[in-house]
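Participant: One structure, pasted below without further comment.
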Amino acid sequence: MKKTLNFFKENMGIIIALLVLAIFLTVFPATSSSFPTTKNVFNVLRQISTNMLLACGMTMVIILGGIDLSVGSVIALSGVLAAGCVSRYGMSIHLAMIIGILIGLIIGAFNGFVISRTTIPPFIVTLATMNIARGLAGVYTGGSPVRVVSKQWQWIGAGYIGIIPVPVLIMIVVFILSVLIMNRTKIGRYIYAVGGNTLAARFSGISVSKVKFLVYTYSGLMAGLAGVILASRMYSGQPTAGDGAEMDAIAAVVVGGTSMSGGYGKLGGTLVGALIIGILSNGLNLMNVNSFWQTVVKGIVILLAVFIDYIRNLKKSK
């Protein structure tokens with residue numbers, strides 16, 4: 001109960017923003033008939049599920065004081081390779097999906113290895129792997145989708161257990177796992193320590209390089225899983241899938257109150273941030289707002305969130 005009250009107290013601002021947004025879309029004439037329906041609620045949850053998977057890994061990365069720009073491209077590469085394993089090489093669907101997820105893990109491990117073993121900024125390393133992964137996805141497919149027409153293939157991305165979409169259940173499991181890692185394990189405490197003060201963490205005996213390696217590997221793993229789910233939902237691996245997904249993940253994390261300077265953040269806030277981004281996108285779609293203007297609105301939301309973070313850090317420094 002105490003932790004629940006602390007969560008609401010720490011995230012009061014964004015929770016109020018979420019409620020105001022939901023109420024507005026419920027009463028606004030253009031969306032009042034379609035937004036508050038059960039079908040649309042599950043649709044929003046399904047849409048945010050892949051973003052939330054990325055955001056779980058991205059929250060850890062940003063608390064660490066880093067950034068991972070490669071996750072959107074990893075979605076594309078893992079999706080097309082998983083689909084290709086089925087349609088081109090005749091592998092079983094389960095094995096193909098595991099391979100797709102492992103692709104994300106391998107790229108994340110590569111990011112973590114380079115970042116933890118060198119002084120190259122994470123921005124540069126993940127920018128490079130973003131381009132490499134996106135390029136490989138294009139080379140492998142020739143720019144065309146890799147189709148898989150199978151009910152078994154689409155289950156993980158478009159199936160249901162009862163009335164709940166499978167991706168939503170996966171999102172819930174991953175979220176709980178990520179919360180346990182951050183709040184109940186040594187590695188979670190080490191992530192906060194390294195993000196707060198890397199030098200102090202190193203002097204206290206924490207293996208900073210190991211922590212960085214594990215966090216970026218986890219981020220890649222989440223991107224691989226998201227890629228497989230998205231490919232399943234679209235019945236194909238798309239070389240353009242995940243375009244801009246890293247920005248949506250960063251937006252969810254920053255709107256959720258995680259500090260871009262590292263050392264502070266909560267996954268509960270990230271969940272609220274992902275809901276805000278998802279409901280905002282859904283509402284703009286229901287209003288038939290041009291996709292370019294939607295991008296502008298998301299950019300403004302990110303800028304406001306970063307500005308609020310700046311003000312908060314300024315107050316702490318005084």
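Participant: With respect to the numbered conditions (1) among the hydroxyl-bearing types (Ser, Thr, Tyr); (2) assigned to a helix (DSSP H, G or I); (3) in contact (Cβ under 8 Å) with a residue 24 or more places away in the chain; (4) open to solvent by 60 Å² or more (accessible area, probe 1.4 Å), which one is the sole condition not fulfilled by Tyr310?
Facilitator: Only one criterion in (1) among the hydroxyl-bearing types (Ser, Thr, Tyr); (2) assigned to a helix (DSSP H, G or I); (3) in contact (Cβ under 8 Å) with a residue 24 or more places away in the chain; (4) open to solvent by 60 Å² or more (accessible area, probe 1.4 Å) is unmet by Tyr310, namely (3).
Participant: Next question. Quick check on Ile279: is it in a helix (DSSP H, G or I), closer than 30 Å to Gly84 by Cα and at pLDDT 90 or above?
Facilitator: no
Participant: Still on this structure, please answer the following. Any residue in the range 11-35 that's farther than 23 Å from Leu271 by Cβ: show its pairings with residues that are assigned to a loop (DSSP other than H, G, I, E, B) at Cβ separation under 6 Å, as long as the two are six or more apart or on different chains.
Facilitator: Ala30/Met287
Participant: Within the range 258-273, how many residues are open to solvent by 20 Å² or more (accessible area, probe 1.4 Å) and under 17 Å from Asp248 (Cβ atoms)?
Facilitator: We begin by selecting, within the range 258-273, every residue open to solvent by 20 Å² or more (accessible area, probe 1.4 Å); these are 260-261, 263-264, 266, 271.
Checking the rest, the ones that are also under 17 Å from Asp248 (Cβ atoms) come to 260, 271.
So the answer is 2.
So that you can scan it fast, the table gives a plain yes or no per residue for (1) modelled with pLDDT of 95 or more; (2) among the charged types (D, E, K, R); (3) outside any helix (DSSP H, G or I):
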| site | (1), (2), (3) |
| --- | --- |
| Val211 | yes, no, no |
| Val215 | yes, no, no |
| Ser219 | yes, no, no |
| Ala251 | no, no, no |
| Gly257 | no, no, yes |
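Participant: Considering each residue of the range 173-229, count those that are of a type in the set (Gly, Ala, Ser), surrounded by 20 or more Cβ atoms within 10 Å (Cβ to Cβ) and under 30 Å from Ile161 (Cβ atoms), and give that number.
Facilitator: Residues that pass the stated criteria total 7.
Participant: Kindly list the number of the only condition in (1) within 17 Å of Gly100 (Cα to Cα); (2) free of Cβ contacts under 8 Å to residues at least 24 places away in the same chain that fails for Thr185.
Facilitator: (1)
Participant: Just give me the residues in the range 11-35 being in contact with a Ser or Thr (Cβ under 9 Å, 6 or more places away or on another chain) and assigned to a loop (DSSP other than H, G, I, E, B), in sequence order.
Facilitator: The answer is Ser32, Phe35.
Participant: Related question: List every residue pair whose Cβ atoms sit under 9 Å apart, with the two residues 6 or more apart in sequence or on different chains, where the first one lies in the range 104-127 and is closer than 16 Å to Met58 by Cα and the second, anywhere, is outside any helix (DSSP H, G or I) and polar (S, T, N, Q).
Facilitator: Final answer for the pair search is Ile107/Ser70; Gly108/Ser70; Asn111/Ser70; Val125/Ser70; Val125/Thr118; Thr126/Ser70; Leu127/Ser70.
Participant: Here is a follow-up. Look at the range 55-94 and say how many of its residues are within 23 Å of Val125 (Cβ to Cβ) and not hydrophobic (A, V, I, L, M, F, W, C).
Facilitator: The total comes to 10.
Participant: Could you say which residue among Ile124, Ile103, Ile132 is farther than 18 Å from Asp243 by Cβ and within 24 Å of the chain's Cα centre (by Cα)?
Facilitator: Being farther than 18 Å from Asp243 by Cβ and within 24 Å of the chain's Cα centre (by Cα) holds for just one of Ile124, Ile103, Ile132, which is Ile124.
Participant: For the range 36-53, check the following and say yes or no: at least one residue is part of a loop (DSSP other than H, G, I, E, B) and open to solvent by 10 Å² or more (accessible area, probe 1.4 Å).
Facilitator: yes
Participant: Quick one: would you say Ile62 is open to solvent by less than 10 Å² (accessible area, probe 1.4 Å), under 26 Å from Val272 (Cβ atoms) and either modelled with pLDDT of 95 or more or not aromatic (Phe, Trp, Tyr) (or both)?
Facilitator: Working: open to solvent by less than 10 Å² (accessible area, probe 1.4 Å): yes; under 26 Å from Val272 (Cβ atoms): yes; either modelled with pLDDT of 95 or more or not aromatic (Phe, Trp, Tyr) (or both): yes.
Yes: the conditions hold for Ile62.
The values are calculated or read from the model by the stated rules, or taken from the named source; none is laboratory data. Everything quoted here is computed from the prediction, not taken from an experiment. Positions of Cβ are backbone-derived with ideal geometry, glycine not excepted, and every protein chain shown enters the neighbour counts. Surface areas here come from the heavy atoms of the whole protein model, side chains and all, with no ligands, DNA or RNA. Shrake-Rupley method; radii C 1.70, N 1.55, O 1.52, S 1.80 Å.
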